[in-house]
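The values are calculated or read from the model by the stated rules, or taken from the named source; none is laboratory data. The shown structure was predicted, so the numbers you read here are calculated from the model rather than taken from an experiment. Note that we place each Cβ from the backbone using ideal geometry, even for glycine, and neighbour counts take in every protein chain shown. Protein only, heavy atoms only, side chains kept; ligands, DNA and RNA dropped before computing areas. Shrake-Rupley method; radii C 1.70, N 1.55, O 1.52, S 1.80 Å.
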Amino acid sequence: MRAPTAFRWHRQSVTAETMPEPITIDDAEDPRIEPFRDVRERDLVGRSGFIAEGSVVLDQLLQAGRFRPTAFLILRNRLEGVRSRLAGLPADVPVYVAEQKVFDRIAGFPVNRGVLAHGAAVGVPWSVAEILARAAATGRPLVVGVEIANHDNLGAIFRNAAAFGAAGILLDETSCHPLYRKALRVSVGTALTLPWVRGGTGEALVAACEAAGCRLLALSPSGETRLAGIGPTARPALLLGAEGRGLPAALMHRCETVRIEMQPEIDSLNVATAAAIVLHALYSAA
């Protein structure tokens, strides 16, 4: 199975504290920091890349194979705290440093974490076939998202999928983008390291899973199978739909429906919470 081309920089043969010389930004209109300007308004992959926020997400970016950092904007009082993380960066990756007032004017809102990175994709993206092959080779479950439009939910789904060893995530074209700044932040950066594909229809993704021999599982309060009754299973694929309306009926009919038993007065769980419960059950049964 072919993995994406990895981005790896060669660590410099000097002290661990070596990093590119920080570049002070005193003017919020400085054109060099254009990728970081007004990130709340343009925080999808619109500038030939994406914005990663916070040191936890930064850690994932620095070890990702499919993505690489292209520039950093660091609040001056946070620089020492991330210096060791940035050790050995290539000299052509600028590290911009600004005081709080300038930093907030650049970003367009107060960024409490004080750490922003601009990143870009490198190498060959994962394909649906490769992620299906990875699931088959590892025996780990897949997550298939259809019409997942809430960025918080998507980020939490990625975090849960990574925590419970999912092989990867397949998203249809109507789902929001995993590299949207908020989704990426909520995922704690796992969207940079967990294999995923976004594109095509839900029907096409389900058909690909069926052809690969996956056991299709979909959550429903009236599901035919109790979660506790699933047991160890080969090639599970967990289908998740939009908050509220759930999966389209046509896709539900192609799946084995699973119910999470709960108090009768509660209609359902948040989609990311439900995903975590099922993925944990699959993880524990493996």
request  = Compute the distance in nm between two label points, each set 7 Å from the Cα along the Cα-to-Cβ direction, one at Tyr283 and one at Ile23.
outcome  = 4.0
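Taking N as the number of residues in the range 169-286, what is its Cα Rg relative to 2.2 N^0.38 Å?
Values: Rg = 14.4 Å, N = 118, 2.2 N^0.38 = 13.5 Å.
Expressed relative to 2.2 N^0.38 Å, the Cα Rg reads 1.07.
Using only the heavy atoms of the protein chains and a 1.4 Å probe, how would Ile23, Ile169 rank by accessible area, largest first? Walk me through the numbers before you get to the answer.
Details: Ile23 55, Ile169 0 Å².
Of Ile23, Ile169, the descending order of accessible area is Ile23, Ile169.
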ask   = Taking the chain as the region of interest, what is the percent of Cα-Cα pairs per 10 angstrom bin, listed from the shortest bin to the one with the maximum distance?
value = 6, 28, 30, 20, 13, 4, 0
inquiry  = Go through the cysteines of the chain and tell me which have no other cysteine Cβ under 4.7 Å away.
reply    = Cys176, Cys255
message = How much length would be gained if the chain were fully extended between Arg254 and Glu34, taking 0.36 nm per residue of separation minus their Cα-Cα distance, in nm to one decimal?
response = 74.5 nm
task = With unit charges on the beta carbon (Lys/Arg positive, Asp/Glu negative), name the residue among Asn153, Val128, Gln100 whose Cα is farthest towards the positive pole of the charge dipole of the chain.
result = Val128
remark   = In a Gaussian network model of the chain with springs linking alpha carbons closer than 10 Å, the residue among Ala137, Ala276, Ala162 that fluctuates most is Ala137
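Report the full-extension gain for the segment Leu269 to Glu80: residue separation times 0.36 nm, less the Cα-Cα distance, to one decimal in nm. Present the calculation step by step, with values, prior to reporting the outcome.
Values: separation 189, 0.36 × 189 = 68.04 nm, distance 4.15 nm.
So the chain would gain 63.9 nm between Leu269 and Glu80.
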ask   = For all pairs of alpha-carbon atoms in the range 90-201, what percent lies in each bin of width 5 Å, listed from the first bin to the last filled one?
value = 2, 11, 19, 19, 18, 11, 10, 7, 3, 1, 0
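Which of the trypsin sites (Lys or Arg not before Pro) found in the range 109-177 are loop residues per DSSP with 16 or fewer other Cβ atoms within 10 Å of their Cβ?
Numbers: sites: Arg113, Arg134, Arg159; in loops: Arg113.
Those satisfying the criteria are Arg113.
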inquiry  = Tell me the accessible surface of Thr174 in square angstrom (1.4 angstrom probe, heavy atoms of protein chains only), to the nearest ten.
reply    = 80
key: Sulfur and carbon atoms: percent of accessible area, the chain [1.4 Å]   = 51
request  = Name the most mobile residue of Ala204, Ala71, Ala249, meaning the one with the largest mean-square fluctuation, in a Gaussian network model of the chain with Cα contacts below 10 Å.
outcome  = Ala249
ask   = Under a point spin-label approximation (7 Å from Cα along Cα-to-Cβ), what is the Gln100-Ala234 distance to one decimal in nm?
value = 5.9
remark   = Out of Glu21, Glu173, Glu265, a Gaussian network model of the chain with alpha-carbon springs under 10 Å gives the largest mean-square fluctuation to Glu265
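What's the extension gain from Asn112 to Ala137 if we count 0.36 nm per residue and subtract their Cα-Cα distance?
Values: separation 25, 0.36 × 25 = 9.00 nm, distance 4.16 nm.
Gain in length upon complete extension: 4.8 nm.
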